[in-house]
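Readers should treat all values here as calculations from the given coordinates under stated rules, not as data from a laboratory. Keep in mind it's a predicted model, so treat the numbers as computed, not measured. Don't worry about glycine lacking a Cβ; one is built from the backbone with ideal geometry, like all the others, and counts go over all protein chains shown.
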Amino acid sequence: MIVVCDTNVFVRETHLLRKKGGPQLIKLLHATKGKLFVPGALKTEYVEQTRIAAGEERSKASAAIGNFRTLVGSADGYPLLGDDAVDQRTLQRLLALETLVLSSPMTNDVLVAAGERSLQKKRPTSKSDHGYKDCLIWESVLRLPAGSRVYLISRDGRAFFDGDQLAQELVDEASARGLTISGYKELNQALQEMQADTPALDLAAVEAIELVEGGVESDLTGETSLSMSAAASVSGLTPLPMSQEATEPLTGGVERAHQELSTLLASAQKEFEGLDEKILGYIAYLGTPTKTELFNLLSQSSVPIEVARNVAERLAIAGIIRDTGNHYLPSDVSAADLAAETVETEIIKLLKEAP
């Protein structure tokens with residue numbers, strides 16, 4: 001399963017897969033070992049369009065904040081991220097989704113093919129410069145491995161669609177390359193089709209596995225925050241529509257086994273409660289500790305080194321900290337400073353007890 005989302009869907013509608021079907025798509029890709037196809041042209045578009053959309057929201061927010069300040073007589077500032085910071089956050093988000101992403105470099109072959117397609121006025125070209133970008137994306141799709149099942153989700157009706165259906169000439173062209181492709185204008189419709197194409201998929205079992213693995217998927221779908229345990233709550237995601245057979249209640253031994261598994265998983269998850277904030281606090285308080293120094297001190301506080309390493313890797317995947325190789329560095333200094341305050345007394349005590 002390979003999914004292609006245009007910028008309207010990825011940026012404007014789902015806010016980089018954080019809302020409106022984005023979390024369900026992430027969960028489904030994890031469960032099916034599917035991929036989000038992001039060719040070079042689309043990655044550039046994601047960054048540029050996120051910057052534009054953020055700028056629009058920044059203008060609205062700045063006006064609202066100005067009105068609030070004059071209303072309450074406050075001189076406090078409420079700084080909003082600038083373009084450079086927004087670009088960095090977008091790249092961090094794509095990095096956090098890296099395990100799901102199938103990338104494709106913008107080769108000369110693709111550039112030439114897209115140019116020829118545009119000159120010949122073949123779909124998905126159009127009169128605007130965006131038409132050439134659509135051609136770049138389509139030529140990249142055509143170079144996916146033969147046998148791939150592709151779901152294209154786009155709001156660009158004129159370029160890719162005839163009515164509500166993907167243009168037949170594009171379907172035929174993809175078929176000639178050994179690809180099976182479907183097009184959708186709405187993400188929810190695509191999700192229903194993907195679910196129907198994988199009827200044996202048990203999303204309840206998938207959610208249980210995610211809990212054992214530390215909730216990495218939920219970390220990807222949610223905003224980064226001090227409480228990773230909150231971000232890892234799979235139950236906050238709206239389930240995908242499922243077939244009647246899949247939604248019928250479990251009975252007999254299967255139900256008991258399911259209950260026992262749920263109890264076991266909940267017990268295993270308790271080992272990680274609160275450690276995300278604690279480890280972030282240690283990193284912030286110690287400045288730039290080496291990984292060895294960090295894990296040794298955490299070990300002194302009764303956190304097993306392997307557990308600490310697992311939690312730190314989750315924080316890095318979520319973009320809360322950056323892994324430089326020998327050190328971990330906070331991505332959000334202000335949030336990290338708050339976490340540091342919660343462990344300051346504990347760290348001072350440990351350092352005093354150190355030989």
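Structure notes:
- Calculated FRET efficiency for the pair T345/S103, C-beta based, R₀ 45 Å, to 0.05: 0.50
- Distance between segment 306-328 and segment 93-115 - C-alpha centres, whole angstrom: 26
- Treating r as the C-beta distance of F68 and N8 and R0 as 22 Å, the FRET efficiency rounds to 0.10.
- Share, in percent, of DSSP beta bridges within segment 2-197 that are antiparallel, nearest 5: 10
- Virtual spin-label span in nm between K121 and K19, 7 Å along Cα→Cβ: 4.1
- Cα-based shape type of segment 32-77, given that a ≥ b ≥ c are square roots of the gyration tensor eigenvalues and the cut on a/c is 1.5: prolate
- Residue order for S299, S175, S334, fewest other beta carbons within 10 angstrom first, comes to S334, S175, S299.
- Restriction of the trypsin sites (Lys or Arg not before Pro) in segment 13-118 to DSSP coil positions whose beta-carbon has at most 13 other beta-carbons within 10 angstrom yields K19, K33.
- Local electrostatic count, V333, Cβ distance below 15 Å [Lys/Arg +1, Asp/Glu -1]: -1
- Calculated FRET efficiency for the pair L329/E186, C-beta based, R₀ 25 Å, to 0.05: 0.05
- For segment 2-197, the spread of Cα positions along the three principal axes, ordered from largest to smallest, is 66, 39, 31 Å.
- Under 20 Å from K20, Cα to Cα: lysines that are on another chain or at least 8 residues apart: K35, K185
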